[in-house]
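Structure first, then comments.
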Amino acid sequence: MLKKIVAIVFFVASFLSVSAQNNLPNTNIYLFDIKQVTDSTYKFTNPQFLTMFNEQGYNNQPSFFSKNELYITCQEPYSNQSDLYLLDLAKKTKVKITETPESEFSPKRMPDYYSFSAIRQEPTAKDTLLRLWEFPIDRITNGKPVFKYITNIGYYHWINGYQVAVFIVDDPNYLAIASTRTDELNPIATNVGRCFQQMSNGNLVYVQKDPYSQNSVLMQKSIYRM
């Protein structure tokens, strides 16, 4: 079976704090066809350079909304603001989705398919809030926050229409399940990695770090037994 996969190439190796988006590395996004050759071997072919329009900038967090619609986060060189772009892979066109005084990143299609979400950096008098927002796909309105009170969301994954796995930026950082119905947080683990996904059996998979040894362990959690 031939599938599409996107790859992010980092030209500057650095670790990012989710609260420090101003000094982002130069990264680019490529698209490949991927074919499974054996049980453990894959073949990558037909590379396509997708971010030539921002080659010297920051390009990250690709998310397929459909077979040919790819949403990405971009920040131009010498800019302190990131915006979302829609790349139409069939038509080979791009559309700037957001252009606000704030920065938006991590676009994802929401389970209802009529909306998408992204994290927005909202400057305040003392600090910067990281808040999860939702927008209509047709962009007829300016969107609204997903949660009334929950902030400092660095990364997230939609579990269903009302539950979101969220990485909360804190000391220490922690992973939790947030409810859009009640605005409640149910913590799962602390000292977790930034990448977490839901498996086909519904369980949430994440990386947990040992704060003393810096070793990492791949963990699996049934969110239906919480």
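Readers should treat all values here as calculations from the given coordinates under stated rules, not as data from a laboratory. Because the structure is predicted, anything quoted here is derived from the model rather than measured. In this analysis, Cβ positions are derived from the backbone assuming ideal geometry, glycine residues included, and neighbour counts consider all displayed protein chains.
Couple of notes before you dig in:
- Put a dot 7 Å past the Cα of L89, heading toward its Cβ, do the same for Q198, and the two dots end up 2.2 nm apart.
- Close amide-amide hydrogen proximity is noted between N173 and N191, each under 5 Å apart and 5 or more residues distant or on a separate chain (H modeled in the peptide plane; Pro and chain starts excluded).
- Using a simple spin-label model with pseudo-atoms 7 Å out from Cα toward Cβ, S79 and N215 lie 4.4 nm apart.
- Extension gain from R139 to D127, taking 0.36 nm per residue of separation minus the Cα-Cα distance: 1.5 nm
- Stokes-Einstein D in µm²/s, Kirkwood radius over Cα pairs - region 30-146 at 25 °C with 0.890 mPa s viscosity: 157 µm²/s
- Each of the trypsin sites (Lys or Arg not before Pro) that DSSP puts in a loop and that has at most 13 other Cβ atoms within 10 Å breaks the chain; the longest unbroken stretch is 1-66.
- Length added when fully stretched, D39-V205, from 0.36 nm per residue minus Cα-Cα: 57.6 nm
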